[in-house]
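One structure is given below, encoded as C-alpha cells.
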Amino acid sequence: MNRILVIAEHDGKKLNPATAKAVSCASAVGGEIDVAVFAANASAMAAAAAKLKGVKRVLKIERAENVHQLAAVLTPQIVKLAAGYTHVLAPSTTFGKDVLPRAAAFLGVQQVSDVMKVIDATTFERPMYAGNAIVTVKVPPSPCIVATVRTASWQACSEDGNAEITAVSTDAVIPSHTRFVELKADVSDRPDLQSAPRVVSGGRGVGSKENFAVIYKFADKLGAAVGASRAAVDAGFVPNDLQVGQTGKIIAPELYVAVGISGAIQHLTGIKDARTIVAINKDPDAPIFQVADIGLVGDLFKILPELEKELDKI
Amino acid sequence: MKILVGIKRVIDFSVRVQVKKDGTGVVSDGVKMGINPFDEIALEEALRIRERGTQAEIVAMSIGPADCQQQLRTALAMGADRALLVQSTDTIQPLMAARIFHELVKRENADLVILGKQAIDDDSNQTGQMLAALWDRPQATFASKVEFKDKTLTVTREVDAGLEVIAVDLPAVLTTDLRLNTPRFVKMPDIMKARSKPLQVLKPEELGVITAPKLEATNYAPPPQRVGGKKVEDVPALIRALKQRGVL
Ligand SMILES: Cc1cc2nc3c(=O)[nH]c(=O)nc-3n(C[C@H](O)[C@H](O)[C@H](O)COP(=O)(O)OP(=O)(O)OC[C@H]3O[C@@H](n4cnc5c(N)ncnc54)[C@H](O)[C@@H]3O)c2cc1C
C-alpha cells in the first residue's frame, strides 16, 4: 500500500490553502495519507490539517528552529521522516519549490515538479515549456517518489475529516549556516490572489503606480483579488507577490480580467485554468484576445469606470 | 573568490514551442536557441559582484551537447573568465545536473554558485536546491537582491507572501529571479576577445559522477486549447456576456 507524506505549508499561524490541494493530489495517488506540520508551535495548523478529508494522521514536529520555514532547517527533518513513505508531496508554491528538491537530492531521488494529474501511483502529468507541452512521466518508485503539486490543477479537499494528531520528534541535526532575517509582506484585506474566485490584473498599459488605483477600485467592486503582469511589477506599479505567470503565481479563478495586458506566453501560463477570461485592451490585435472568452477593445481608463457604473445597477 | 555560474542552452524564450505530432518530444530542429534567461541574470550578478570591488574569478559551466559552446562563448563575451562544458547528448535531469555541478564545484573549490531558479525548457526549478543539498551548503533561492559582506550573503527572496530576507554563510548556492538585474548586452569587441578565452570540454565519465535516477517521459501532448477570440462591442454587451456565462 502507498504511504504518502504531505508537507504542510503555513505562516506560523494558519494552514495555507495550498496544503488542502496537495492532499487532494495525495488522495488521487491513493493510500494512507499523513500530513507533517513543522513549526515552533504547531497546534493551530495541526488542528486545521486534521480536518482535511482523507488524512489519516497529522504529525506535529515542534522545534524552536521551525519557527521560520527555511529549506536548510526543514530538509534534514523531512529526510528523517520520509523513511517508510512511498511518496512525499508538497504544494508547488515558493515554499514547496524551495524545500522539496533539497530533500529529494538528500534522498537520491529525481523529483517530479508541478504534478497536474495522477495517472497511477508512479505515473504523472506535468507541464514543460511554460505549459506549451504536457508530459507524462514514469517515475522510479524506489526509494520513494518526491513531487510538488501544481495547485491550480487541484481542488481543495473538503474539511470534514478527523485525523489523529501525533507529536513526533526527529534527531535531525540542523545547520546554522542559514538564518531568517525578515519577511516584508504587504498586509491587505483584499482576497488572496492564489485562492480568490475572481481576479483583476493590470499590465504595463495601466501606466503607473498611481493609475493602478483604477485596478484596485474595479477589483473591490467585483470582490476580486488583484494581480499583475511581470511588466507591471518590473515597472514598480505593484509588489512582486502580485505577479501572475510562468515565474509568478499560477492561478485558476472563476473569472480573470486582464486589463492593459498584451498576453505574452509567459503570462498566459499563469491563467490557462481560469474558467472565464475577460480581456480589456486598446489594441485589437493583442494576443490576449486569442485566449479571452470575452474581449473588449478600448481604453481601459474609459471602460473601467463605465463597467463600475453598470455593475452598480445589478 | 571563485564564482561558478550555470549556463543552460534552451529553446529561446520568444519561440512558441510546438509538440511533435508523434508525442516523442517538442520540435527543436531549426528552432532558435539561447541562454536560459535566468542564467544570463546569474552571470550578470556574478559580474556585478566583481565590479562592486570583490576580487573574483568567474567560471561559466554548462552541461549538454557540443553546441552549448555557443552559449558558453556568449557567457565569455559577457565577461566570464573561462568556461567548462560537460559534454553529453543524454537528457540531463536536475539531480544529474546537480551531481555534475557538485563535482565541478569540488574541483574548482567554489565559494559561490549562481544558477537560474528554473530553466524555461523543463521548468523544474530543482537544480540549485539539489546542488546545495549535495554540497551540504546553504541555498538562497529566487533572489531579487543580493548584498555581500564578510563571507555572508544577505539575500532578498521573492516568495508568495512578499519578500523574504535571509542571511547565508559562504560557500553557498544562489538562484536568480527575474528582478535581480537586467543583463548587459554583449559588444562586438568582447565577442572577438571571448574567442581566445579558455573553454574546457569534459566528459561526465571523467568526473566520476554516478548516474542519477531519471523520470521517463512516455508522452508529450499539447495543452488543451482554449477557444477564445470572441469580442463584444461595448460595456453593456460585456455585462450581458458575463451574465450569460453565469459569472455575474
Ligand atoms: C523567462 C521569462 C519569464 C517571464 N515570466 C513572466 C510572468 O511570470 N508573468 C508575466 O506577466 N510575464 C512574464 N514574462 C514577461 C512577458 O514576456 C511579457 O513581457 C509581459 O507579460 C508583458 O507584460 P504586459 O502585457 O503588461 O506588457 P506589454 O506587453 O507591454 O502590454 C501592454 C498592453 O497594454 C495595452 N494598453 C496600453 N495602454 C492601454 C490603455 N490605455 N487601455 C487598454 N490597453 C492599453 C497595450 O495595447 C498592450 O497590449 C516573462 C518573460 C521571460 C523572458
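The values are calculated or read from the model by the stated rules, or taken from the named source; none is laboratory data. Just so you know, these numbers come straight off a predicted model, no measurement behind them. As a convention, Cβ positions derive from the backbone with ideal geometry for all residues, glycine included, and neighbour counts pool all protein chains shown.
May I ask you to list the residues in segment B:224-241 that are within 7 Å of chain A (Cβ to nearest Cβ) and modelled with pLDDT of 95 or more?
B:LYS231, B:VAL232, B:VAL235, B:PRO236, B:LEU238, B:ILE239, B:ALA241
Take segment B:196-223 and flag every residue that is at the interface with another protein chain (Cβ under 8 Å from one of its Cβ atoms) and of a type outside the set (Gly, Ala, Ser).
B:PRO213, B:LYS214, B:LEU215, B:GLU216, B:THR218, B:ASN219, B:TYR220, B:PRO222, B:PRO223 - these are the residues of segment B:196-223 that are at the interface with another protein chain (Cβ under 8 Å from one of its Cβ atoms) and of a type outside the set (Gly, Ala, Ser).
Collect the residues in segment A:207-225 that are within 14 Å of chain B (Cβ to nearest Cβ) and either surrounded by fewer than 17 Cβ atoms within 10 Å (Cβ to Cβ) or away from the ligand (no atom under 14 Å from the Cβ) (or both), keeping them in residue-number order.
A:LYS221, A:LEU222, A:GLY223, A:ALA224, A:ALA225
Could you check, for segment B:45-67, whether at least one of its residues is within 14 Å of chain A (Cβ to nearest Cβ) and of a type in the set (Val, Ile, Thr)?
Taking every residue of segment B:45-67 in turn, none turns out to be within 14 Å of chain A (Cβ to nearest Cβ) and of a type in the set (Val, Ile, Thr).
Got at least one residue in segment B:42-52 being away from the ligand (no atom under 16 Å from the Cβ), small (Gly, Ala, Ser) and modelled with pLDDT under 95?
no
Looking for something away from every other protein chain (no Cβ under 11 Å), over 15 Å from the mean Cα position of the chain (by Cα), over 23 Å from A:ALA8 (Cβ atoms) and at pLDDT 95 or above - is there at least one such residue anywhere in segment A:238-246?
yes
Any residue at all in segment B:59-69 that is among the β-branched types (Val, Ile, Thr) and either under 20 Å from B:ALA140 (Cα atoms) or free of Cβ contacts under 8 Å to residues at least 12 places away in the same chain (or both)?
Checked segment B:59-69: at least one residue is among the β-branched types (Val, Ile, Thr) and either under 20 Å from B:ALA140 (Cα atoms) or free of Cβ contacts under 8 Å to residues at least 12 places away in the same chain (or both).
Determine if segment B:148-171 includes at least one residue that is within 18 Å of the chain's Cα centre (by Cα) and touching a residue at least 40 places away in the same chain (Cβ under 8 Å).
Checked against the condition, which is being within 18 Å of the chain's Cα centre (by Cα) and touching a residue at least 40 places away in the same chain (Cβ under 8 Å), segment B:148-171 yields no hits at all.
Can you tell me which residue among A:ALA228, A:ALA172, A:ALA213 is touching a Lys or Arg at 6+ places or on another chain (Cβ under 7 Å) and at pLDDT 95 or above?
A:ALA172
With the requirement that a residue be out of contact with any Phe, Trp or Tyr (no Cβ under 6 Å at 6 or more places or on another chain) and polar (S, T, N, Q), what does segment B:166-208 give you?
Of everything in segment B:166-208, those that are out of contact with any Phe, Trp or Tyr (no Cβ under 6 Å at 6 or more places or on another chain) and polar (S, T, N, Q) turn out to be B:THR175, B:ASN181, B:THR182, B:SER196, B:GLN200.
Only residues that are surrounded by 19 or more Cβ atoms within 10 Å (Cβ to Cβ) and of a type in the set (Asp, Glu): list them for segment B:138-170, please.
Hits for segment B:138-170 are B:GLU158, B:ASP160, B:GLU164.
Condition (residue is at the interface with another protein chain (Cβ under 8 Å from one of its Cβ atoms), closer than 15 Å to A:ALA196 by Cβ and more than 7 Å from the ligand (Cβ to nearest atom)) applied to segment A:259-276: is it met by at least one residue?
Looking for residues that are at the interface with another protein chain (Cβ under 8 Å from one of its Cβ atoms), closer than 15 Å to A:ALA196 by Cβ and more than 7 Å from the ligand (Cβ to nearest atom), one finds at least one in segment A:259-276, hence yes.
Of all strands (runs of 3 or more DSSP E) completely enclosed by segment A:1-76, which ones contain at least 2 residues that are among the aliphatic types (A, V, I, L, M), away from chain B (no Cβ under 14 Å) and more than 17 Å from A:GLY96 (Cα to Cα)?
Strands (runs of 3 or more DSSP E) meeting the threshold: A:55-62.
What are the residues in segment A:235-258 that are without any contact (Cβ under 8 Å) to a residue 40 or more places away in the chain and more than 8 Å from the ligand (Cβ to nearest atom), if any?
Selection gives A:ALA235, A:GLY236, A:PHE237, A:VAL238, A:ASN240.
Within segment B:85-163, which strands (runs of 3 or more DSSP E) (wholly inside it) include 2 or more residues that are within 11 Å of chain A (Cβ to nearest Cβ)?
Output list reads B:139-149, B:152-159.
Please work out which one of (1) in contact (Cβ under 8 Å) with a residue 12 or more places away in the chain; (2) out of contact with any Gly (no Cβ under 6 Å at 6 or more places or on another chain) is the condition A:ALA292 fails and give its number.
Answer for A:ALA292: the failing condition is (2).
Select from segment A:277-296 the residues that are farther than 20 Å from A:LEU222 by Cα and in contact with a Lys or Arg (Cβ under 7 Å, 6 or more places away or on another chain) and write down the one among them that is nearest to the ligand (Cβ to nearest atom).
Filtering first and then ranking leaves A:PHE289.
B:ASP39 versus (1) away from the ligand (no atom under 16 Å from the Cβ); (2) at pLDDT 95 or above; (3) of a type in the set (D, E, K, R): which is the lone unmet condition?
(1)
Of the residues that make up segment A:248-256, is at least one touching a His at 6+ places or on another chain (Cβ under 7 Å), of a type outside the set (Asp, Glu) and outside the structural domain of A:GLN155 (by TED's automatic domain parsing)?
No, because not a single residue in segment A:248-256 is touching a His at 6+ places or on another chain (Cβ under 7 Å), of a type outside the set (Asp, Glu) and outside the structural domain of A:GLN155 (by TED's automatic domain parsing).
If you scan segment B:1-22, which residues turn out to be surrounded by fewer than 20 Cβ atoms within 10 Å (Cβ to Cβ), closer than 22 Å to B:ALA80 by Cα and either of a type in the set (A, V, I, L, M) or in contact (Cβ under 8 Å) with a residue 60 or more places away in the chain (or both)?
B:MET1, B:LYS2
Looking only at segment A:297-314, count every residue that is at the interface with another protein chain (Cβ under 10 Å from one of its Cβ atoms) and touching a Lys or Arg at 6+ places or on another chain (Cβ under 7 Å) and tell me the total.
Number satisfying all stated conditions: 4.
Counting just the residues of segment B:2-29 that are farther than 13 Å from B:ASP121 by Cβ and at pLDDT below 95, which one comes out farthest from the ligand (Cβ to nearest atom)?
If we take residues in segment B:2-29 being farther than 13 Å from B:ASP121 by Cβ and at pLDDT below 95, then B:ASP29 is farthest from the ligand (Cβ to nearest atom).
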